[in-house]
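Chemist: Quick one: this structure, given as structure tokens, is what I'll be asking you about.
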Amino acid sequence: MINTVYRLVAPRRFEIAFEDIDLFGDNAIVRPTNLSICNADMRYYLGTRDAKVLAEKLPMALIHEGVGVVMRDPSGKFAPGDRVVMVPNCPTETDDYIGENYLRSSKFCGSSMDGFLQEYVEISPRRLVKLPQDINMNVAAFTEIVSVAVHAISRFDKIAHARRDTIGVWGDGNLAYIVSLFLKKTFPDSKVYVFGLNDDKLADFTFADGAYKTTDRCRRALPWTTPLSVSAATALPLPLSRSSG
């Protein structure tokens, strides 16, 4: 079957490529329906990545956050029409001590291999997660970034000390918003304070116990001394994902 792949060949320029998909192989065939654009995709598109990196990686199909509908699955695990999340990490080996998303040999969609900006995606059934049939697919498209937030919080829960009355989140973007929201739900007795740089974005954190613009003055005026921070933890990826910069 002929597949259409939309590859970025240079900053701000896409070209269409046609490739064969093996309909008799072991991989599933998924038609992407809803995709989410990450800042990493924007850096490739705008050409703000280092020129050497762009030369090494392009041409390449972007997007590592997406959901779709199963067209075919030879394993029988998924039926045609099933809604699924496509996992962007593609391991080539296993290790007893290193998670697949940390292995140097692993590939990642939209970074070291073609991403989901294709008419159809040929993917291992092990890289698919079934979704409820009635889910809002626009919301489901954010599953990958949500998984990063959940993983950070699970790591935080395992390694942080027990004094969690106050938790600080540094950042006011999408990931910080999701992390903060999940922290409030996971630790309802804790106060969550958010620190950022953008007034308009900080105004959206209405569920937080406080949102502060990080100026020198407000840093000196903090009403507590040592809030716990999950800012470093938010960079830790879930098995659904790894850093794709």
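The values are calculated or read from the model by the stated rules, or taken from the named source; none is laboratory data. These numbers come from a predicted model, not from an experiment. Virtual Cβ from ideal backbone geometry, glycine too; neighbours counted across all protein chains shown.
Chemist: So which residues in the stretch 79-100 are in contact with a Pro (Cβ under 9 Å, 6 or more places away or on another chain), crowded, with 19+ Cβ neighbours inside 10 Å and farther than 19 Å from Lys57 by Cβ?
Modeler: Within the stretch 79-100, Arg83, Met86, Val87 meet the criteria.
Chemist: Do you know which residues across the stretch 185-211 are assigned to a helix (DSSP H, G or I) and crowded, with 17+ Cβ neighbours inside 10 Å?
Modeler: Narrowing the stretch 185-211 to residues assigned to a helix (DSSP H, G or I): 185-186, 199-202.
Within the stretch 185-211, Lys201, Leu202 qualify.
Table: residues versus (1) touching an Asp or Glu at 6+ places or on another chain (Cβ under 7 Å); (2) under 16 Å from Arg127 (Cβ atoms).
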position	(1), (2)
Ile2	yes, no
Val5	yes, no
Pro11	no, no
Gly25	no, yes
Asn39	no, no
Met71	no, yes
Asp82	no, yes
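Chemist: Return the total of residues in the stretch 11-52 being of a type in the set (Val, Ile, Thr) and surrounded by fewer than 12 Cβ atoms within 10 Å (Cβ to Cβ).
Modeler: 2
Chemist: Which one of the conditions (1) touching a Phe, Trp or Tyr at 6+ places or on another chain (Cβ under 8 Å); (2) at pLDDT 95 or above does Asn89 fail to meet, given that it meets all the rest?
Modeler: Here Asn89 clears every test but (2).
Chemist: May I pose another question? Only residues that are in a helix (DSSP H, G or I), small (Gly, Ala, Ser) and surrounded by 17 or more Cβ atoms within 10 Å (Cβ to Cβ): list them for the stretch 147-184, please.
Modeler: Hits for the stretch 147-184 are Ser147, Ala149, Ala152, Ala176, Ser180.
Chemist: Can you tell me which residues in the stretch 138-166 are farther than 14 Å from Lys185 by Cβ and of a type in the set (Ser, Thr, Tyr)?
Modeler: Correct list: Thr143, Ser147, Thr166.
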